[in-house]
Amino acid sequence: MGITLVLSSFYVWWKKVEHAPFGPREVRWLLALRGFGGFFGVFGMYYSLLYLPLSDATVITFLAPSLACFACSILIKEPFTRMEQVAAFISLFGVVLIARPTSLFSPSSSPTSSTPPPSNGTTSAPDATDAGDYSSVTPEQRALAVAVALLGVLGAATAYTTLRWIGKRAHALISVNYFAVWCTFVSVLAMTFIPGIPFLLPSSLRDWALLGFLGLCGFVMQFLLAAGLQQEKSSRATNMVYCQMLFALAGDKLVFGTSPDAWGWAGSSLILGSAIYVAVRKEQSKGVGRKEEVRDEERALVDAIDEEEEDVVEEERVGGAGRSSEERDEGTRSGEGRN
C-alpha cells in the first residue's frame, strides 16, 4: 500500500486533480470511512488466512459485493432488482464451486493441499514450515478467524458502499489515497509497537521487482475499482467484482500451468454467465426506459394539447354566454325606452 500511496499521490499532483488531496469538504467523512472500511476489509482477509484455508477465506470474502448491493439499495436508494440479486447469489455459488471450502466439501475434493500434522502437537497458528496444515487449529481459533473474516466482509462492503455514495463528487484517486494512507499508517504502527511483527525488507533484486510489480498492480486495481464503482449508477459494477475469480483461474493457468477441474469450469461458467446476463439485461432495461420516457413525453404533450383545447372551448362558451346576456339586457333597455 505504500507503493500505491506513492504512485497515487504522484498522479494526483501531476494531473492537478481538483480538491486534492483531501477531496471536497462535503464528502471527506465518506472518504475517511472508505479508507477505514477498506483497511478492515484487507485485514480481515489476511488474518483469517492464519487459521482458515485459502478457499474458505475466499468464499467468506466474496460475501462483500452482495452485502454492498443491499446496503446501497437501502442507504442511497440504488436499484437492486430481483434478477440482479439472483445473479449475485449465482456468482457467489460459482465462487463456492471454484474454491470448494473444506467446511462444505470433503478434504479429498478440496484443492488445498494437506500435510501431516506437526509432531510437537502445538496449537499455534500455521507458519512458513507448516503452511497449508490446519489440523492443529483449535475450534476457538477457527471461530475467531471466521469472525474476523466477517469483520473484513463488513469493511469491504463499507468501502464499496461509500464509493458508490461518493459517486463523481471526488476523483477516484483521492479515495485510493485515503485507503492507502489508512493501510500504511496502521501497518507502520503495528510493526513498531506490536511485538513479534518485525519490519522486513526484500533480500534480493528479484524480491524487490516482485514487490514493485505487486504495488503497481495494486495501484491499478484500486484505481479501476474506485472509478468503476463511482461511474456506474447501479449494482452492476459491484457484481462485476465476482469476475476476479475468472482472472485468478486464468493467472493460475498462464503463470503456474494449473488447469481448472470440472468444478472450476462450472463455477467459472456461472460467474461469467451471471455477469453477462446482468450487463445485457441492464442495457435492455435502459432501452426500455428510454422508450417509456418517449411515450411519457408524448402522452404529456397530448394531454397538454387537450387541456389547451378544453380551455379554449370553455372560454368561448363563457364568452358566448356573456354576449347573450348582454344582448338580452340591451333588448330589455331598448324596449323600456320605446315604452
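Which residues, taken from the range 90-116, are in a helix (DSSP H, G or I), at pLDDT below 65 and within 20 Å of LEU249 (Cβ to Cβ)?
If the condition is that a residue be in a helix (DSSP H, G or I), at pLDDT below 65 and within 20 Å of LEU249 (Cβ to Cβ), then SER109 is the only one that fits.
Please find, within the range 246-266, the residue that is farthest from GLY94 (Cα to Cα) out of those that are part of a loop (DSSP other than H, G, I, E, B) and in contact with a helix residue (DSSP H, G or I) (Cβ under 8 Å, 6 or more places away or on another chain).
THR258
With respect to ASP56, determine if the residue is at pLDDT below 85 and part of a loop (DSSP other than H, G, I, E, B).
So ASP56 fails the test.
Tally time: how many residues in the range 215-245 are touching a helix residue (DSSP H, G or I) at 6+ places or on another chain (Cβ under 8 Å), free of Cβ contacts under 8 Å to residues at least 40 places away in the same chain and surrounded by fewer than 17 Cβ atoms within 10 Å (Cβ to Cβ)?
2
If I filter the range 27-49 for residues that are over 20 Å from the mean Cα position of the chain (by Cα), free of Cβ contacts under 8 Å to residues at least 60 places away in the same chain, closer than 25 Å to SER187 by Cα and assigned to a helix (DSSP H, G or I), do I get at least one hit?
Scanning the range 27-49, I find no residue that is over 20 Å from the mean Cα position of the chain (by Cα), free of Cβ contacts under 8 Å to residues at least 60 places away in the same chain, closer than 25 Å to SER187 by Cα and assigned to a helix (DSSP H, G or I), so the answer is no.
Filter the range 14-26 for residues that are in a helix (DSSP H, G or I) and at pLDDT below 85 and give the result.
LYS15
Does ALA68 qualify as being touching a Lys or Arg at 6+ places or on another chain (Cβ under 8 Å), in a helix (DSSP H, G or I), small (Gly, Ala, Ser) and on the phi < 0 side of the Ramachandran plot?
Against the criterion (touching a Lys or Arg at 6+ places or on another chain (Cβ under 8 Å), in a helix (DSSP H, G or I), small (Gly, Ala, Ser) and on the phi < 0 side of the Ramachandran plot), ALA68 qualifies.
Go through ALA87, ALA149, ALA143 for me and flag whichever is in contact with a helix residue (DSSP H, G or I) (Cβ under 7 Å, 6 or more places away or on another chain), in a helix (DSSP H, G or I), under 20 Å from GLY44 (Cβ atoms) and modelled with pLDDT of 80 or more.
From the options ALA87, ALA149, ALA143, the qualifying one is ALA149.
The values are calculated or read from the model by the stated rules, or taken from the named source; none is laboratory data. Computed from a predicted structure; not experimentally measured. Glycine gets a Cβ as well: all are built from the backbone with ideal geometry, and neighbour counts include every protein chain shown.
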